[in-house]
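Following: one structure in structure tokens, then a few remarks.
The values are calculated or read from the model by the stated rules, or taken from the named source; none is laboratory data. It should be emphasised that the depicted structure is a prediction, and the values quoted were computed from it without experimental measurement. Please note: Cβ atoms are built from the backbone with ideal geometry, for glycine as well, and neighbour counts cover all protein chains shown.
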Amino acid sequence: MNKRNWLSYCLIPVITFAVMISILIALQPSYPKAQSTQIPTLFIHGFNGNERSFGGMINRFNSKYGWGTTSQTLRVDTDGTVTPIGTYDKTAKNPLINVIFVSNKENLKTQAGYIKNVMTYLHKEDDIKKINVVTHSMGGSSLTVYLALNHDNKERPTVNKLVYIGVPLSPTDYNKKINNEEKAQRKISQRMSETLPKSTAFLIVAGYVDKEKGGDGSVTLESALLAEDIFKHNPLQTQIVKGSSGTHSGLHENDSVDERIGKFLWSVPTK
């Protein structure tokens with residue numbers, strides 16, 4: 001084999017491989033870029049939730065879209081003790097923090113206490129002064145109780161932006177087996193609206209499967225959209241997901257919801 005043939009024999013596979021890699025890279029979907037901030041986003045699951053409840057969304061924001069950085073997980077034990085898993089990096093782009101309640105079927109008052117402990121931990125241990133929160137279902141109801149009672153405490157982070165996904169604000173939506181003092185929820189929501197800084201912005205995501213369900217299957221559309229009335233003095237946006245994609249547990253596994261949250265939290269341009 002002469003030198004020219006030998007070079008051709010070696011170079012052709014290399015060039016072919018390089019072309020194939022280039023084609024594969026070109027075929028990969030590209031996503032709009034997020035604004036980079038150091039404001040962390042806290043994810044709080046709902047009744048009977050666990051690390052997987054928001055695990056998929058956090059992974060998509062980190063690995064699929066590149067909008068944020070997976071940070072630590074905060075595990076809240078039954079006695080309220082907060083245990084970090086992983087290390088919080090305050091220089092990371094849009095840090096994402098997953099909150100897990102070990103006792104995940106508690107009443108609103110108890111879970112609000114858990115959230116209080118989480119906020120205290122973040123302020124004391126990680127020196128976090130401002131935070132965004134994404135929450136689902138009863139997690140949002142518990143957050144509402146926390147904010148109504150602790151909005152102005154200087155020893156905890158102030159809430160910058162709030163995303164409520166399938167969060168019930170009408171007492172009739174609560175399951176009777178949850179000892180959550182349901183009759184007080186609307187009053188608590190109204191108190192929160194009166195005490196929360198008017199600069200705090202809301203994104204309300206609600207599901208509407210069909211007329212028969214009247215909502216996402218667990219929370220009525222009317223209940224979720226009560227936020228429009230309760231928080232009418234705050235900047236507020238709404239998204240209604242209709243059809244089979246609008247189920248209660250499906251709302252946080254929805255591409256359109258991902259996109260709307262990205263735009264709301266980090267100014268991700270719409271495709």
Selection within the stretch 32-54 - farther than 15 Å from Val167 by Cβ and surrounded by 17 or more Cβ atoms within 10 Å (Cβ to Cβ)
Ala34, Thr37, Pro40, Thr41
Which condition from (1) of a type in the set (S, T, N, Q); (2) at pLDDT below 95; (3) in a loop (DSSP other than H, G, I, E, B) is the one that Asn5 breaks?
(3)
Among the residues of the stretch 71-85, are any modelled with pLDDT under 95, crowded, with 17+ Cβ neighbours inside 10 Å and more than 16 Å from the chain's Cα centre (by Cα)?
no
Mind listing just one residue for me: the one in the stretch 235-270 that is buried (at least 17 other Cβ atoms within 10 Å of the Cβ) and of a type in the set (Val, Ile, Thr) and, of those, nearest to the chain's Cα centre (by Cα)?
Ile261
Residue hits (the stretch 95-114; among the hydrophobic types (A, V, I, L, M, F, W, C) and under 16 Å from Asn160 (Cβ atoms)) are Leu96, Ile97
Considering only residues of the stretch 217-231 that are more than 30 Å from Lys130 (Cβ to Cβ) and in contact with a Ser or Thr (Cβ under 9 Å, 6 or more places away or on another chain), which is surrounded by the fewest Cβ atoms within 10 Å (Cβ to Cβ)?
Glu222
Which listed residue is touching a strand residue (DSSP E or B) at 6+ places or on another chain (Cβ under 6 Å), crowded, with 24+ Cβ neighbours inside 10 Å and of a type in the set (A, V, I, L, M), from Val145, Val167, Val134
Val134
Say we look at the stretch 86-113 and pick out the residues that are over 30 Å from Ser267 (Cβ atoms) and among the basic types (Lys, Arg); which of these is surrounded by the fewest Cβ atoms within 10 Å (Cβ to Cβ)?
Lys105
Restricting to the stretch 15-44, count the residues that are in a helix (DSSP H, G or I) and at pLDDT 95 or above.
0
Report, by residue number, each residue of the stretch 215-271 that is part of a loop (DSSP other than H, G, I, E, B) and at positive phi.
Gly217, Ser267
